[in-house]
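Notes follow the structure.
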Amino acid sequence: MQASGHTLFQFDLPGHGPLTAIDLRRLLARRARPLPACMKVVLENVARQALTGGVPAALVDQIADWSPSSGPLTVPLTVTRLMLPDSSGLPVLMDLAAAMDVAVASGADPALVEPVVPITVVVDHSLIVDFAGHPNARARNIQEDVSP
């Protein structure tokens, strides 16, 4: 089936039933120059939204036809996952916990406080070497790491 210049196609996935997809290769094949990689990310995101009715299908074509000389383009970007380093992820988790506490205190179900998309917090521990070149350097670095 056709929708606004790009091809939608349906296929069956065993165990999941019929699925609908947009053929992005066919959509981009009409371009004289490749779409920049950052715009491909935006195109894929908006195509997903178009499949669920979240945005007009014509927006997919506008992005696929984008060029640096195009006018301004406003695009609703919906993320499917957040990856946060520990420096910003831990405060987000604390805010969610605080919101759950407020929900409990006001008699609401704390399970209602849930992010709309999955969140992955990446904890990255840096290693600082204070002592090197000595037989006991490892033990001294460990002691330094755990001392207040």
Open item on the list: Over the chain, with a Gaussian network built from C-alpha contacts below 10 Å, which listed residue (LEU13, LEU112, LEU90) shows the highest mean-square fluctuation?
Closed with: LEU13
TODO: Could you calculate the FRET efficiency of MET94 with GLU114 from 1/(1 + (r/R0)^6), where r is the beta carbon distance between them and R0 is 22 Å, rounded to 0.05?
DONE: 0.90
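Counting alpha carbon pairs within less than 8 Å and at least 6 residues apart, what relative contact order, in whole percent, applies to the chain?
With pairs under 8 Å counted, the relative contact order is 16 percent.
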Task: Calculated log10 I(q)/I(0) by the Debye sum over Cα atoms at q = 0.09, 0.11, 0.14, 0.15 Å⁻¹ (choose from (1) -0.58, -0.73, -0.89, -0.93; (2) -0.30, -0.45, -0.74, -0.86; (3) -0.36, -0.53, -0.81, -0.91), label - done: (1)
- [ ] Out of all DSSP beta bridges with both ends in the chain, state the antiparallel percent to the nearest 5.
- [x] 65
TODO: For the chain, give the magnitude of the charge dipole about the Cα centre (Cβ charges: +1 Lys/Arg, -1 Asp/Glu; no others), in debye to the nearest 20.
DONE: 880
Task: Relative contact order computed over the range 2-64 (Cα-Cα under 8 Å; 6+ residues apart), in percent - done: 31
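Since every read-out is calculated from the coordinates, none of them should be taken as a lab result. No experiment lies behind these values; they were computed from the predicted model shown. Please note: Cβ atoms are built from the backbone with ideal geometry, for glycine as well, and neighbour counts cover all protein chains shown.
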